[in-house]
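Novice: The structure's right below; bear with me while I get my questions together.
The values are calculated or read from the model by the stated rules, or taken from the named source; none is laboratory data. Owing to the predicted nature of the structure, the values given are computational and were not obtained by experimental measurement. As a convention, Cβ positions derive from the backbone with ideal geometry for all residues, glycine included, and neighbour counts pool all protein chains shown. Heads up: the accessible areas ignore ligands, DNA and RNA and are worked out on the full protein's heavy atoms, side chains in. Shrake-Rupley method; radii C 1.70, N 1.55, O 1.52, S 1.80 Å.
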Amino acid sequence: MNLCSITSGSSGNCIYIGSEKDSILVDVGISGKRVEQGLNKIDMTTKDIQGILITHEHSDHIKGVGVLARKYEIPIYGTKGTISAMKESSSLGKIPDDLFREIKADESFQINDLNIQPFAISHDAAEPVAYRVEHQGNAVAIATDLGTYDDYIIEHLKNLDVLLLEANHDINMLQVGSYPYYLKQRILGNRGHLSNDTAGRLLCEILHDDLKEVILGHLSKDNNYEALAYETVCSEVTMGENPYKASDFHIRVAKRDGNSDLIAI
């Protein structure tokens, strides 16, 4: 199984996951042209994509889904709340109803050989989910846009090979930055985004000997930067109440505007 972050950040998200036979995208928050360019860099094309998993309806996750789905007739998977919100979005254009596939949190489904496990997350969207994808004993997960985490989230992120985890903001940068008060409160709230510190603490809960890669994603353009996210998360892991140090794992930060390295499991 392979995973590649085509883009990951507050201005657009699109993640590729595939096996030898099957290929899917998690979110399409960038243009169809940029998706195609990103897929070409890993020797894939949009025609190879068999499904688009949508986490929630915010524009940085669905911006390009209408164009892609219509042009290539790719099924779109999302919860009832997410699909309803997408249909109300005028920016997507008209998407044929038969391309939508309604899913439910905690009810797994198949896209050919890929087993998809959606699970509910706390975010200010209609009915958001994160995704765990399994194939032939390997497992990856995309977990961004979480305002908080609990035992339920931890359980769904255990025993992974690869995790793309949100490290959205540095709390101090956000608090002293130029964002209006209401937006700061939204981001810091339980239905907002994970800070670097919180991402590190969550990571401490799910580390295990066979975890191969951790990718920090969905960084804020204004309230974070790569080195700070990396150092903060690594510090939480090394200083946390767990038997590991950050150096025991390959931790990287996803690129905002281009492909991160393809990870082959």
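Novice: May I ask you to rank Ser23, Ser90 by accessible area, largest first, using a 1.4 Å probe over the protein chains only? Mind dumping the intermediate values first?
Specialist: Numbers: Ser23 5, Ser90 110 Å².
In descending accessible area the options line up as Ser90, Ser23.
Novice: So, with +1 on the Cβ of K and R and -1 on the Cβ of D and E, and no other charges, what is the size of the charge dipole of the chain about its Cα centre, to the nearest 20 debye? It would help to have the intermediate numbers written out before the result.
Specialist: Details: 25 positive and 39 negative charges, 196 e Å.
Dipole size: approximately 940 debye.
Novice: Something else about it: Taking the Cα-to-Cβ direction at Thr45 and at Asp257 and moving 7 Å from each Cα, how far apart do the two end points lie in nm?
Specialist: 2.8
Novice: With a 1.4 Å probe and all protein chains kept in place, how do Leu99, Leu188, Leu183 rank by accessible area, largest first? Don't jump to the answer; show the numbers that get you there.
Specialist: Values: Leu99 20, Leu188 65, Leu183 40 Å².
Listed by decreasing accessible area, they come as Leu188, Leu183, Leu99.
Novice: Grab the beta carbon distance between Ala120 and Lys221, set R0 = 30 Å, and tell me the FRET efficiency rounded to 0.05.
Specialist: On the way: r = 27 Å, r/R0 = 0.90.
So the FRET efficiency works out to roughly 0.65.
Novice: A follow-up question, please. Can you compute log10 of I(q)/I(0) for the chain with the Debye formula, treating each Cα as one identical point scatterer, at q = 0.09, 0.10, 0.12, 0.17 Å⁻¹?
Specialist: -0.36, -0.45, -0.66, -1.39
Novice: Residues in the range 103-132, backbone N under 18 Å from the label point at Arg186 (7 Å along the Cα-to-beta-carbon vector): list them, ranges by number please.
Specialist: Answer for this model: 122-129.
Novice: If only Cα atoms are counted, what is the Rg of the range 143-250, and what is its Dmax, in Å?
Specialist: 13.6, 42
Novice: Oh, and also: What's the FRET efficiency of Glu231 with Ser108 using the Cβ-Cβ distance as r and R₀ = 35 Å, to the nearest 0.05? Display every interim value, and only then the final one.
Specialist: On the way: r = 36 Å, r/R0 = 1.04.
Here the calculated transfer efficiency is 0.45.
Novice: Provide the percentage of antiparallel DSSP beta bridges, counting only those with both residues in the chain; round to the nearest 5.
Specialist: On the way: 25 of 48 bridges.
Of the beta bridges lying entirely in the chain, close to 50 percent run antiparallel.
Novice: Given C-alpha coordinates of the range 96-164, what is the ratio Rg to Rh with the Kirkwood estimate of Rh? Intermediate results must be reported in sequence, preceding the final value.
Specialist: Numbers: Rg = 12.6 Å, Rh = 12.9 Å.
In the range 96-164, Rg relative to Rh is 0.98.
Novice: Another question, then. What GluC sites (Glu not before Pro) in the range 181-265 are in a loop by DSSP, with at most 12 other Cβ atoms within 10 Å of the Cβ?
Specialist: Details: sites: Glu205, Glu213, Glu226, Glu231, Glu236, Glu241; in loops: Glu241.
Answer by residue number: Glu241.
Novice: Next up: Add -39500 (n - 2.57) for each DSSP H run of 4 or more in the chain, then divide by its residues: what number comes out at 222 nm, to the nearest 500 deg cm²/dmol? Please list the in-between numbers first.
Specialist: Values: 9 runs with 74 residues, N = 265.
So the calculated ellipticity at 222 nm is -7500 deg cm²/dmol.
Novice: Which aspartates and glutamates have a Cα less than 16 Å from the Cα of Lys104, not counting those fewer than 8 places away in the same chain?
Specialist: Within the straight-line cut-off, Lys104 pairs with Glu57, Glu127.
Novice: Of all accessible surface on the range 26-157 at a 1.4 Å probe, what whole percent is carbon and sulfur? Could you put the intermediate results ahead of the total?
Specialist: Numbers: 2480 of 5700 Å².
C and S fraction of accessible area: 43 percent.
Novice: While we're here: Say we join alpha carbon atoms closer than 10 Å with springs in a Gaussian network model of the chain; which of Leu165, Leu228, Leu146 then has the biggest fluctuation?
Specialist: Answer for the Gaussian network model of the chain: Leu228.
Novice: Roughly how much of Ser10 is accessible, in Å² to the nearest 10, using a 1.4 Å probe?
Specialist: Per-residue accessible area (Ser10): approximately 50 Å².
Novice: A further question follows. Find the percent of Cα-Cα distances in the range 51-194 that exceed 18 Å, and round it to a whole number.
Specialist: Numbers: 6127 of 10296 pairs.
That fraction is 60 percent.
Novice: Continuing with this model, one more query. Using square roots of five times the C-alpha gyration tensor eigenvalues, list the equivalent-ellipsoid semi-axes of the range 213-265 in whole Å, biggest first.
Specialist: Numbers: eigenvalues 88, 51, 8 Å².
In descending order the semi-axes read 21, 16, 6 Å.
Novice: Which lysines does Lys41 reach when only Cα atoms under 23 Å apart count, and residues fewer than 8 places away in its own chain are ignored?
Specialist: The qualifying lysines are Lys21, Lys33, Lys63, Lys71, Lys212, Lys255.
Novice: Hey, can you find the accessible area per residue of the range 100-165 for me, probe 1.4 Å, expressed in square angstrom? Please list the in-between numbers first.
Specialist: Values: 2550 Å² over 66 residues.
Accessible area per residue: 39 Å².
Novice: Another one. How many percent of Cα pairs in the range 126-175 exceed 12 Å?
Specialist: Numbers: 837 of 1225 pairs.
Of all Cα-Cα pairs in the range 126-175, 68 percent lie more than 12 Å apart.
Novice: Okay, next question. Mean projection of the alpha-carbon convex hull of the range 69-129 over all orientations, in nm²? Numbers along the way, then the final one.
Specialist: Values: hull surface 18.6 nm².
Averaged projected area of the range 69-129's Cα convex hull equals 4.7 nm².
Novice: Can you tell me, using C-alpha contacts under 8 Å and at least 6 residues apart, the relative contact order of the chain as a whole percent? Mind showing how you got there, number by number?
Specialist: Working: 611 pairs, mean separation 51.1, N = 265.
After rounding, I find 19 percent.
Novice: Moving on. I'd like the FRET efficiency for His250 and Ser178, computed as 1/(1 + (r/R0)^6) with the beta carbon distance as r and R0 of 35 Å, rounded to 0.05.
Specialist: On the way: r = 35 Å, r/R0 = 0.99.
Working from the Cβ atoms, E equals 0.50.
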